[in-house]
Each structure stands twice: as C-alpha cells, then as structure tokens.
Ligand SMILES: Cc1cc2nc3c(=O)[nH]c(=O)nc-3n(C[C@H](O)[C@H](O)[C@H](O)COP(=O)(O)O)c2cc1C
C-alpha cells in the first residue's frame, strides 16, 4: 500500500517526507520535483520568508541512479533559515542560550496555538506552531512531486489554478486544462490565474489587504486529466475516492471548505440540470458525458472524466494588525503575537492541493493495479484499459 508521512518543524533543520509503496523502476525527474517546490513558494502576497528560502529536494533513500528501487523514498528539504533558529529550535536544552528560545505566550486566533497548548500542555505556543505551520506543506509537495511523475507514466496530469482571491473571481465558464497546465512553467505568473486582467484585479485585492495590514483568502481549483474510470470504490465509506480527495484537500492549512465538481452551484438547480447525461462515442469506443458537474467522481469512483476539486481558503490568521488574545502567564488581555507572515497564499495552497490530489490518485491507482515494478503495474493497468474498451 502506498503511504506517506511528513515530519519536521517550520524553523527546525528541515522537513522530511517518507513515501513508501511506489513501485521500482520509476525514473525521477528531479527538476520537476524542484519546480513544484519553487511553485509552492511563489505568488503575489507571500511574506519575507519566501525570499530567504529556496527549497530543493534531497533524496536520501529509495532512489538509485535516478530510478526508484521499491524501498521507501525519503526526501529532505532543508530550512535555509535554520542558522538563525539554531538556539530557539535546538533539540537539546542549552541553558546558556535560553534567552534565545523565542517563546510565544500570546496565542494567535485562527492558529493552532491555543488548542495545541491546551492539548499538549505547553505555555509556549512555539512548541505547537512550529509543526502546525504550513511550512510542512513543502514536504507534501516533495512527495506529491513523485506521485505526479508516477501518474504521468499512466497518462495522467494534475494541475491547479486560482479562481478567486478575496472578492475577485474568475468569471464562470470553461477553462481549458492546457491553459492551467501552462501556468506551471510560467515564472511571471502573479497569482496563478489563467486570465491576466482578472489577475491584476486579484493583485489589487492583495494590495488593499496589505495596506490595511490585513489578509485575504480565496479559492483554488485542482484538475486531473487522463484518469481512468474505476479508481476508488462504492463498497466502503472510507474507500470512496470523493471522501479521500476531500480529506486530503481539507487537511491543507487554512483550507476550510472543499467542493467536488460544481457541488455548490448545483444546490440551486434541479436534478435534471445537474446530472451529467451519458452518451457513447462508437469510434473512440468510450462513454461520453455532455457535462462534468460531478467533477469526475460518481459513487466514490472515478468515472473517466476530469477530476475537478476546489479548496476554499480562509484569509490567513496572522495579521500585521494583531487581534485580541490573552497572555498564558498573566491571563491579561494582550495583542496576539506577530510572526513574519504572508498576506495571500492561495496560489501556493493550489500547488499543495495538486500534490495532495496526485498522492490520493497514485494511492488509488496502486490499490487497484498493484505491482512491485513499473512494468508490472503498467501491464495490469493496460489489461484493465483493454477490458474497459471491450466492455
Ligand atoms: C502555503 C500556505 C502558507 C501559509 N502561510 C501562512 C502565513 O504566512 N501566516 C499565517 O497566519 N497562516 C499561514 N497559512 C495558514 C496557517 O498555516 C493555518 O491557518 C494555521 O496553521 C491553522 O490551521 P487551519 O487554518 O487549517 O485551522 C498558510 C497556509 C498555506 C497553505
């Protein structure tokens, strides 16, 4: 079974992802993984830390001469800022440098600070926030970068774009997959939006939040194409793919809502307008749909259409205009602590969304087709595609 875990703290030595279950024989395109890590850092409205960090994935295990060998893949992403945090984040207690430990005793609303301190019994929120921080998503993107390469071998591609920042939204209408995919290579993109004019208005929204010492949220959309029908299952609640996709996207820091297909809009329509009617293309020997409001998943299984999933981000919590809080020690009202922070993270969250969707699809694909080597998995996959074609 394919699984992955991450470890590491925001200002510790680095982040680690361990990804196991990827078959042997997958060629790793290191540039592609590092491109995804760079994309997670870019975007208009990111804070000063993005200038300090320049993430690269160091593969420590599971790959030999550029090819996976079937053993767990360990990816290390060093924190370049570690030098400035050695004392504060030291693994050992160093009484002589305790003055440099950077405790945080005024919990920030909207962060893990208060809930985590109550849970783990700390009066210094640093013990909690270091792990709760979205810096952790760098490790997810590293692992997701491998899942992306794996899926490509089966003709699948995952991409994301930003559909809303604050009050500015991309107008409704079809956006081509290729237009979204092109954003991946576009170093000039500001907010990962396919429409440059809308993007400028999104930029103005970020500017106005920055001027007001505030933050903005928004919506990203992840799409996956080339996905065969039949991944996931209707047979068991926790194996349903829509549930797994939703959990994976919802687990991204600051994501507070997930939509598959056009679920929200569908609520105000009649059933006759919402279901994707079925046709058959005899020459291509495949079933077709007139629309894809289901977002590529029906009954917990992929149906062969594009996967479409949106993540809704709250405006991030740390404000330059700090909110009310209470000091852990004195219990007196104080302003919440401020740590260097972003104003808008929607494009970056979209890149993390891609990683999470890629990892869920890779796991579902391996569950269905198995295989210890890429040859074996591909053979099983092709046999299934023939079965679907002959259906
Ligand atoms: C890519 C990314 C970057 C983030 N950067 C920040 C940040 O700089 N400041 C901040 O307050 N929150 C940031 N967040 C959100 C917080 O990590 C998140 O709100 C917090 O950990 C509490 O988790 P929750 O909002 O999921 O409940 C970021 C989220 C993502 C996805």
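If you scan the stretch 114-133, which residues turn out to be assigned to a helix (DSSP H, G or I), near the ligand (Cβ under 10 Å from one of its atoms) and touching a residue at least 40 places away in the same chain (Cβ under 8 Å)?
Listed by number, the residues that qualify are 129, 131, 132.
Could you identify the single residue in 360, 308 that is more than 30 Å from residue 102 (Cα to Cα), under 22 Å from the mean Cα position of the chain (by Cα), assigned to a strand (DSSP E or B) and in contact (Cβ under 8 Å) with a residue 60 or more places away in the chain?
Testing whether each residue is more than 30 Å from residue 102 (Cα to Cα), under 22 Å from the mean Cα position of the chain (by Cα), assigned to a strand (DSSP E or B) and in contact (Cβ under 8 Å) with a residue 60 or more places away in the chain leaves just 308.
May I ask you to list the residues in the stretch 221-249 that are touching a residue at least 12 places away in the same chain (Cβ under 8 Å) and within 16 Å of the ligand (Cβ to nearest atom)?
221, 222, 246, 248, 249 - these are the residues of the stretch 221-249 that are touching a residue at least 12 places away in the same chain (Cβ under 8 Å) and within 16 Å of the ligand (Cβ to nearest atom).
Here is a yes/no grid of residues against (1) over 13 Å from residue 143 (Cβ atoms); (2) touching a helix residue (DSSP H, G or I) at 6+ places or on another chain (Cβ under 7 Å); (3) part of a helix (DSSP H, G or I); (4) within 16 Å of the ligand (Cβ to nearest atom):
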| position | (1), (2), (3), (4) |
| --- | --- |
| 6 | no, yes, no, yes |
| 19 | no, yes, no, no |
| 37 | no, yes, yes, yes |
| 45 | yes, yes, no, yes |
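Give 304, 370, 311, 350 a once-over and let me know the one that is on the phi > 0 side of the Ramachandran plot and surrounded by 15 or more Cβ atoms within 10 Å (Cβ to Cβ).
Details: 370 fails: surrounded by 15 or more Cβ atoms within 10 Å (Cβ to Cβ); 311 fails: on the phi > 0 side of the Ramachandran plot; 350 fails: on the phi > 0 side of the Ramachandran plot.
None of the other options fit; the residue is 304.
Only one of these is in contact with a strand residue (DSSP E or B) (Cβ under 7 Å, 6 or more places away or on another chain), within 19 Å of residue 249 (Cβ to Cβ) and within 16 Å of the ligand (Cβ to nearest atom): 157, 136. Name it. Spell out the reasoning first.
Numbers: 157 fails: within 16 Å of the ligand (Cβ to nearest atom).
Every option except 136 fails the conditions.
Please go through the stretch 276-296 and give me each residue that is in contact with a strand residue (DSSP E or B) (Cβ under 9 Å, 6 or more places away or on another chain) and farther than 19 Å from residue 173 by Cβ, ordered by number.
Hits for the stretch 276-296 are 277, 278, 279, 280, 281, 286, 287, 288.
Of all residues in the stretch 314-329, which are more than 30 Å from residue 181 (Cβ to Cβ) and buried (at least 16 other Cβ atoms within 10 Å of the Cβ)?
Matches in the stretch 314-329: 317, 318, 319, 322, 325, 328.
Any read-out appearing in this document is the output of simple, stated calculations on the displayed coordinates, not a laboratory observation. Quick caveat, the model's predicted, so the values are computed rather than measured. FYI the Cβ positions are ideal-geometry reconstructions off the backbone, even for glycines, and counts take in every protein chain you see.
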